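Right, one structure below, let's go through it.
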Amino acid sequence: VVARGRPWRGRNDVWFTGSPLLADREAKVAFVFPGVEHLFEPRIEGIAGRFGLAEADLSATGNVGGRSVATIAVGRLLDAALRRIAITPDVVAGHSIGEWSAMIAAGMHDGADIDRVLAAFDQDSMDVDGLVFAALGCGADLAEAAIAGLSRIEVTHDNCPHQSIICGQESSVTTALERLRAEGVGGQVLSFRSGFHSTMVAPYLAPLGHLLEDLPLRSADTEIWSATVVGPYPKGLDEVRQVSVRHLLERVRFGPMVQRLRDAGVRAFVQVGAGSLTGFIDDTLRDQDQLVISASTSKNSGLDQLLRVGAALWVEGRAPALAELS
């Protein structure tokens, strides 16, 4: 690997580069927080005990609401642990409900306020009957063509060039999947139902809207980007609340946001949670040079994976406190 002189980022647990991505002072590290995933298998064992942090409660993940609460809890735990080993973000962003996790990481919400709101959250209120999600093996443009002329269906996620998500009534989703299969494009219906990121969820938002209105909001202490506006959050708190509402009703444009983040100087992306964002980022930034790594994988224990994140960022020019994991 060293003799070839080309960057080698993680395969077989080896990291090497002759030109560290973060040696340039203008180069940035981004924390990206995943949203609700089809599969939810975070490996966080040992992390809370090592750093004296509260354990993330993963006991109730059978519906969208419970999975959302657990996803936020995992993000908060990993964000706190990464900071304990001196890995800090220059910018934060999220995917779907991960955008709320990013707001917490950016200091816009206090942890105690979040705990209070989540305790009052009716986890069953986000299951919307009659609507299903389907993940597609194509980009948003082809997805738009597949749903043309169908009723009560929308493209809800533009994840990367080779993955998008549609949401709608089952008959329309079935027809769209059949159209795509005829063109050699795969897809599958996902296990959760909510209608988030579409106009169809609007009638169901009142309970969540009341909770959000009661949630104190502060200015961010870390740069934060939104996949709704495909750029930085606005500065005014009233405008931030407007984006938070739009976020529930509009498409997640994660892939376009990732490209803009790289254009703005991000060279290392750390997924703070378990999910698919590393794949989305790799697909979006194909043939561009960057580090992409997750703080939680199914292959390694919680602390072991944090060690790998530290090693990867050390090679690229940062100075994590790896002794804290010793």
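Split the accessible area of the range 184-326 by element, probe 1.4 Å, and carbon with sulfur accounts for 51%. Working from Cα pairs under 8 Å separated by at least six residues, relative contact order for the chain is 26 percent.
Distant-in-sequence amide contacts of V252, defined by a placed amide H-H separation under 5 Å and a gap of 5 or more residues or a different chain, comprise H157, D158. Computed from backbone phi, the HN-Hα couplings of the range 176-193 come to 4, 5, 5, 4, 5, 4, 5, 9, x, 10, x, x, 8, 6, 8, 7, 9, 10 Hz, rounded to whole numbers (Karplus: 6.51 cos²θ - 1.76 cosθ + 1.60, θ = phi - 60°; Gly and Pro given as x).
Treat the range 1-159 as a sphere of radius equal to its Kirkwood radius over Cα pairs and apply Stokes-Einstein at 4 °C in a medium of 1.567 mPa s; give the translational diffusion coefficient in µm²/s, rounded to a whole number.
Values: Rh = 18.8 Å.
Answer, rounded: 69 µm²/s.
Summing Lys and Arg as +1 and Asp and Glu as -1 over all other residues whose Cβ lies under 15 Å from the Cβ of T284 gives a net charge of -2.
With only the Cα atoms considered, the chain has a convex hull volume of 133 Å³ per residue. For the chain, the mean residue ellipticity at 222 nm estimated from helices alone is -10500 deg cm²/dmol, where every DSSP H run of n ≥ 4 contributes -39500 (n - 2.57) and the total is divided by all residues, rounded to the nearest 500.
Could you work out what % of the accessible surface of the range 8-87 is carbon and sulfur, using a 1.4 angstrom probe and leaving DNA, RNA and ligands out of the count? Carbon with sulfur: 47 percent of the solvent-accessible area. Here the Karplus curve 6.51 cos²θ - 1.76 cosθ + 1.60, taken at θ = phi - 60°, turns the phi angles of the range 281-290 into couplings of 5, 4, 5, 5, 9, 3, 6, 10, 8, 6 Hz, with x standing for Gly and Pro.
Taken per residue, the accessible surface of the chain reaches 44 Å², heavy atoms only and a 1.4 Å probe. Highest mean packing first, where packing is the average number of other Cβ atoms within 10 Å per residue, the peptides 254-265, 274-285 line up as 274-285, 254-265. Considering only DSSP beta bridges whose two residues both sit in the chain, what percent are antiparallel, to the nearest 5? Counting only bridges with both partners in the chain, antiparallel ones make up about 55 percent. Scanning residues 5 or more positions from Y233 or on other chains, those with amide H under 5 Å from its amide H are I224, W225, S226, with H placed 1.01 Å from N in the peptide plane. With contacts taken as Cα pairs under 8 Å at a separation of at least 6 residues, the range 175-326 carries a relative contact order of 15 percent.
The values are calculated or read from the model by the stated rules, or taken from the named source; none is laboratory data. The structure presented is a predicted model; accordingly, all values stated were derived computationally and were not measured. Neighbour counts are summed over all protein chains in view; Cβ atoms, including those assigned to glycine, are modelled from backbone coordinates with ideal geometry. Keep in mind that these areas ignore ligands, DNA and RNA; they rest on the heavy atoms of the full protein, side chains included. Shrake-Rupley method; radii C 1.70, N 1.55, O 1.52, S 1.80 Å.
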